[in-house]
Amino acid sequence: MNNFRFCVGTEILFGKGQIENLAKVVGRYGKRVLVTYGGGSIKKIGLYDKVMELLAGFEVYELGGIQPNPRIESVYEGVKICREKNIEVILAVGGGSTIDCTKAIASGTFYEGDAWDMVLNPKSIKKSLPICTILTLSATGSEMDSGAVISNMKENIKVGFINELNLPKASILDPEYTFSVSAYQTAAGTADIMSHIIEVYFTSQEAYVPDSFNEGMLRACIKYCPIALKEPDNYEARAQLMWASSLAINGIGSVGKAAAWSCHPMEHELSAFYDITHGVGLAILTPRWMRYILNDDNVDKFVSYAVNVWGIKNEGEKYDIANKGIDATENFFRSCGIPMTLTEVGIDREHFRKMAEDAVKYGRLEYAYRPLTADDVCNIYEMCL
């Protein structure tokens, strides 16, 4: 294992009724609050009214309408509010898109230039507003990490940026707030969770403890996603997926290891050019990427994945076992109702070359588990049609 420094400073309030602590938690950081949220689902489930009731003693401002694959325009709007109203703390109520946008707003408030330049150069971030979150979708893990992804649709660019100043101070995780999440979004969210784990599982370094932890989280997703799809209000299933979402990307599964991610940079280009759900894009790409990179150098790792995650018997030829694990991955996503080709979601090869070049440019794919060129990425996109 490599040397590492590990510290996750987010306070987690997990379980039923934890929202009753909201005023106490937010009040630690200020009285002038910007509440950010998405398309209105929090109003349908009564969460919006509950938040406003609990923040009755605060000076509250709002930024709603944050879109999936959050746009830089929403960041500009939020920054403007924060500056004009002297906001002291931001409360993000929603899923990963709302939280990601909130992180960019929190840093952009103190950034003197264009916030998009800040996203492209996160080392330039020197100060950020404190962030608290109330999670309503198990997927990105943004409630417990310092990263975010922002889209600039005018330039067809979607990039991630990381700065530890954007780590949420506190996150309220009540699985009941995910009961109303659709089957499609539940499946896509689980695919996102699993992709986060797979990205850090497949590395060249031996790290038995984090790898065993990752295998367990993958098995949890495989067990509980189908239950949540059949029984949307099954508390235990929703709870397991919610906690897996947070743990999948908070760094605990990647300590002692190092590698650039592979599937996320490729998917970011899909959703930069097309309006595709992030988790769906990842589900389509992941098994094709696995088949493309499988070789003599990594077949043993794929065997471990097949045996320890999917329960494939460790009998016979290595490549047969490895491919059974890959097939199980693809079949699981399909069984969850996820479309498993780009053709099914209306994407053709028109922009493959540009997307592939940008994936390599912004995604550091030359440092991936198996280094990828633009030609490699094009080939993987072709496999997804």
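Just so you know, all these numbers are worked out from the coordinates, no wet-lab data involved. Keep in mind that this is a model prediction, so the values were computed, not measured. Quick reminder, even Gly has a Cβ in these numbers, built from the backbone with ideal geometry, and neighbours come from all protein chains shown.
Quick look at the values:
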| quantity | calculated |
| --- | --- |
| Exposure proxy ranking, count of Cβ atoms within 10 Å, fewest first, for C336, C221 | C336, C221 |
| Cut-off under 5 Å, modelled amide H: who pairs with T136 long-range | G94, G95 |
| The chain - share of DSSP beta bridges that are antiparallel (%, nearest 5) | 20 percent |
| Which label in [x] 20.0, 60; [y] 20.2, 66; [z] 24.7, 103 gives the computed Rg and Dmax of the Cα atoms in Å | [y] |
| Normalised alpha carbon radius of gyration of the stretch 11-177 [divisor 2.2 N^0.38 Å] | 0.94 |
| Whole-Hz ³J(HN,Hα) from phi, Karplus 6.51 cos²θ - 1.76 cosθ + 1.60, for the stretch 127-137, glycine and proline x | 7, 8, 5, x, 10, 10, 9, 10, 7, 10, 8 |
| Translational D in µm²/s for the stretch 183-383 (Stokes-Einstein at 25 °C, 0.890 mPa s, Kirkwood Rh from C-alpha pairs) | 144 µm²/s |
| Reachable lysines from K126, criterion Cα separation under 28 angstrom, eight or more residues apart if same chain | K24, K31, K80, K85, K103, K154, K158, K169, K257, K361 |
| 222 nm mean residue ellipticity, helices alone, for the chain (DSSP H n ≥ 4; -39,500 (n - 2.57); rounded to 500) | -15000 deg cm²/dmol |
| Mean shadow area of the stretch 158-261, taken as a quarter of the surface of its Cα convex hull (nm²) | 7.4 nm² |
| Gap separating the Cα centres of the stretch 211-253 and the stretch 46-78, nearest whole Å | 27 Å |
| For C82, C378, order by how many other beta-carbon atoms lie within 10 Å, fewest first | C378, C82 |
| Angle between the chain longest axis and helix 299-310 axis [Cα atoms, degrees, rounded to 10] | 60 degrees |
| Under 19 Å from the Cα of K16 - aspartates and glutamates, other chains or at least 8 residues apart | D49, E53, E143, D174, E176, E231, D233, E236 |
| Nearest-0.05 FRET efficiency for E317 and D275, computed from C-beta distance (R0 41 Å) | 0.45 |
| GluC sites (Glu not before Pro) within the stretch 348-385: DSSP coil, no more than 12 neighbouring Cβ in 10 Å | E350 |
| Ranked T373, T178, criterion: other C-beta atoms within 10 Å, fewest first | T373, T178 |
| Normalised contact order of the stretch 69-155, rounded percent, pairs of Cα under 8 Å and 6 or more residues apart | 41 percent |
| Rounded FRET efficiency, nearest 0.05, which uses the C-beta distance separating Y76 from K31 and R0 of 25 Å | 0.50 |
